[in-house]
Amino acid sequence: MLLDPDNFRSAIDIDDEVAAETARLREEEDERLARELDRENRRAEEERQRMKHEEERRRARAEQERRKRELEMENMREEVKKRQREESASVAVVQRTTKPCPGCQWPIEKNRGCAHMTCKCFKSVLYVLLLLLFSSNVLG
């Protein structure tokens, strides 16, 4: 104090300055840690949002695939029903317009020409006789 009275600092002043500097450094460190923690929390939230979004997209794709399969199955069912109707109509026409061969029962249709027919089993028959036989229910 005697040597430099203008710049004199007491032990209490020095301790106060050290305490203030320590407090300032502690606050800076706390702020740095708070920023780092905030950054980690934001990263974790972004990751959680990304995972949630991916899960939603995966579910949407799965739902879309399920609907697509259902539609394909419905289309297949409709196609099978259509084929069954066509087959039934075809069988009805064959039954209405043909007579069975007396040898192998294969349907025979006369659409023109003479009444003499030869079946694939090589049975020779007159179509007029088939008409007479089946109309009188002798064979059928």
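The values are calculated or read from the model by the stated rules, or taken from the named source; none is laboratory data. Everything numeric here is computed off the predicted structure, so don't read it as measured data. Positions of Cβ are backbone-derived with ideal geometry, glycine not excepted, and every protein chain shown enters the neighbour counts.
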Residue in the stretch 76-99 that is touching a Leu at 6+ places or on another chain (Cβ under 6 Å), modelled with pLDDT under 95 and not in a helix (DSSP H, G or I) present: yes
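Look through Cys104, Cys114 and report the one residue that is assigned by TED's automatic domain parsing to the domain that holds Val125 and either surrounded by fewer than 10 Cβ atoms within 10 Å (Cβ to Cβ) or more than 30 Å from Val125 (Cβ to Cβ) (or both).
Working: Cys104 fails: either surrounded by fewer than 10 Cβ atoms within 10 Å (Cβ to Cβ) or more than 30 Å from Val125 (Cβ to Cβ) (or both).
Of Cys104, Cys114, the one residue that is assigned by TED's automatic domain parsing to the domain that holds Val125 and either surrounded by fewer than 10 Cβ atoms within 10 Å (Cβ to Cβ) or more than 30 Å from Val125 (Cβ to Cβ) (or both) is Cys114.
Looking only at the stretch 13-43, which residues are over 60 Å from the mean Cα position of the chain (by Cα) and at pLDDT 90 or above?
Step one: filter the stretch 13-43 for residues over 60 Å from the mean Cα position of the chain (by Cα), giving 13-24.
Within the stretch 13-43, Asp15, Asp16, Glu17, Val18, Ala19, Ala20, Glu21, Thr22, Ala23, Arg24 meet the criteria.
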